[in-house]
Amino acid sequence: MINDIITTLLVSIGSIFMLIAAIGILRLPDFYLRMSAITKASTLGLGMVLLGVSIHFDQFGVFVKAFIIITFLLLTNPVGAHAIARAAYKQGVKFWGETIVDELELLSKKAETLEKEWKVNHSNFAIGEELIYTLMQLPASHGGSFRKALNVAKQIESVNTPVGNRLLGIVYSKMGRFNEAEHYLKLASTECNFNQKAIFSLVDFYTENNLPNRALNVLEDAMQVHPQNIEFVFKAIFIAFDFGVSHKLGLACCDKIIAMGTDVSADYLLKAARYKRIFVERSIGKNY
């Protein structure tokens with residue numbers, strides 16, 4: 001009796017979802033919305049119907065087959081829908097007129113505008129840097145290119161070596177070329193006397209590659225050159241906390257913030273005190 005009730009509910013709800021998918025195909029205004037309706041609603045609906053059928057027959061073999069089919073649907077339908085929608089977008093299938101934003105098109109137009117501005121004014125490094133990040137974000141089908149980003153970074157490097165080296169390091173990092181990225185980011189850090197932007201680029205590179213101890217070594221060197229830079233101190237605290245390494249350095253940084261007293265904001269003092277308590281408790285064996 002209970003099995004019959006559960007089966008009826010599952011099959012009924014699944015049928016309703018598939019009906020919604022069918023209505024969506026007929027009523028929704030553009031290809032992409034119809035694709036969304038048929039993949040989400042029909043996948044859920046069919047899955048519930050299959051689950052209901054497996055409960056109704058109450059046989060292990062039927063249940064296994066239903067489970068395999070449902071798993072296959074959940075794995076393949078979203079991927080297939082994404083691939084079809086991507087192909088349609090590349091072929092120029094239009095969005096509905098009321099679609100609020102096309103982020104890829106906006107990013108593509110932004111890249112075109114920045115390229116024009118950069119050709120006119122090579123001395124504006126802010127434009128060049130923004131162009132590099134935009135080119136790395138864009139897919140190749142819409143003008144994205146690591147090669148173009150590298151060329152822009154090299155043009156900047158020929159005029160401003162520290163900035164150019166930092167950007168070269170960032171591009172190589174996104175390309176997965178560890179040695180070149182580390183080389184240029186280290187160069188940028190030393191050439192600009194441990195400038196915060198260059199240091200944070202190198203530190204972020206190390207943390208992204210799961211090398212927190214190297215990141216902390218860089219921050220220790222930077223703090224020696226710029227002992228009053230609070231951002232370096234907090235960056236070291238955050239890394240020590242997030243990766244669970246170098247509690248001693250984390251405690252020293254917290255003590256440094258607390259010792260500044262009224263020279264720093266109350267919010268900074270509270271954060272330093274809280275992290276100090278955590279580092280102390282971790283050092284005696286309590287974990288978070």
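Bear in mind these aren't lab numbers, they're just calculated from the coordinates by the rules spelled out. Since we're looking at a predicted model, the values are computed, not measured. Please note: Cβ atoms are built from the backbone with ideal geometry, for glycine as well, and neighbour counts cover all protein chains shown.
Taking every alpha-carbon pair under 8 Å whose residues sit at least 6 apart, the stretch 143-288 reaches a relative contact order of 12 percent. Length gained on full extension, residue 196 to residue 268, computed as 0.36 nm times the residue gap minus the Cα-Cα distance: 24.1 nm. In this Cβ point-charge picture (+1 for Lys and Arg, -1 for Asp and Glu), the stretch 153-288 has a dipole of about 320 debye about its Cα centre. Build a GNM of the chain with springs between Cα atoms under 10 Å apart, and of 268, 172, 133 the one that fluctuates most is 268.
Cβ-Cβ distance of residue 68 and residue 91, R₀ of 45 Å, FRET efficiency by 1/(1 + (r/R0)^6): the value works out to about 0.85. Each Cα pair under 8 Å and six or more residues apart adds its separation to the average, and for the stretch 2-90 the resulting relative contact order is 34 percent. By the gyration tensor of its Cα atoms, with a ≥ b ≥ c the square roots of the eigenvalues, what is the shape of the stretch 10-93: rounded for a/c under 1.5, prolate for a/b over b/c, or oblate? Because a/c hits 1.5 or more and a/b fails to exceed b/c, the stretch 10-93 counts as oblate. Remark: the residue 121-residue 6 segment gains 34.5 nm on full extension, using 0.36 nm per residue and subtracting the alpha carbon distance. Here the contact order of the stretch 51-187, divided by its residue count and restricted to Cα pairs under 8 Å and six or more residues apart, works out to 12 percent.
Remark: for residue pairs 40/65; 197/276; 110/174; 116/197, the C-alpha separation exceeds 24 Å in 197/276; 116/197. Each of 158, 178, 142 was scored by the projection of its Cα onto the charge dipole of the stretch 139-239, and the greatest displacement toward the positive side belongs to 142; charges sit on the C-beta of Lys, Arg, Asp and Glu. Computed about its Cα centre, the charge dipole of the stretch 190-239 is approximately 60 debye, with only Lys, Arg, Asp and Glu carrying charge at their Cβ. Along the axis of the charge dipole computed for the chain (Cβ charges of +1 for Lys and Arg, -1 for Asp and Glu, origin at the Cα centre), the listed residues 78, 48, 60 are led at the positive end by 60.
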